[in-house]
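The values are calculated or read from the model by the stated rules, or taken from the named source; none is laboratory data. In this text, all values refer to a predicted model and were calculated from it rather than measured experimentally. We place every Cβ from the backbone using ideal geometry, glycine too, and count neighbours over all the protein chains shown. When the accessible area is computed, the model is the full protein with side chains, heavy atoms only, and any ligands, DNA or RNA have been set aside. Shrake-Rupley method; radii C 1.70, N 1.55, O 1.52, S 1.80 Å.
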Amino acid sequence: MTTDDRNHTSKTRLWDDRENARKARTAITILTEAFDAVVDAGQITVHAQTSHVFQAMFGWWAWIMRSSKATVLLHDNGLDHEAEPIAGRSGNTPWCSNG
């Protein structure tokens, strides 16, 4: 654990771990491909009593998946600095900062 000088809170330095970065990239690829398959299907059937939950969760899932795809795209093009704000909001900072 280290201390983040910006806010004096402890955090794990995962971004120094290339193996975790590889695992994160693999997870991002698997999850974004699953998201694309759902979207490409053109329709989703949900139970009426849970449709309100689905709508909220699908919007969140779409945001996470699109942010993850943007992070990968920027990273692959050498733009880690530009990817970090997106990755930080979607929880991908450790992967983005590593390479």
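Numbers for the structure displayed
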| quantity | calculated |
| --- | --- |
| Some residue of the stretch 35-53 being open to solvent by less than 50 Å² (accessible area, probe 1.4 Å), within 17 Å of the chain's Cα centre (by Cα), of a type outside the set (Val, Ile, Thr) and modelled with pLDDT under 90 | no |
| Pairs where the first residue, in the stretch 30-43, is in a helix (DSSP H, G or I) and the second is open to solvent by 70 Å² or more (accessible area, probe 1.4 Å), C-beta under 7 Å, 6+ apart | THR32/LYS69; VAL38/ILE44 |
| Count of residues meeting criterion [open to solvent by 90 Å² or more (accessible area, probe 1.4 Å) and free of Cβ contacts under 8 Å to residues at least 60 places away in the same chain] in the stretch 18-29 | 2 |
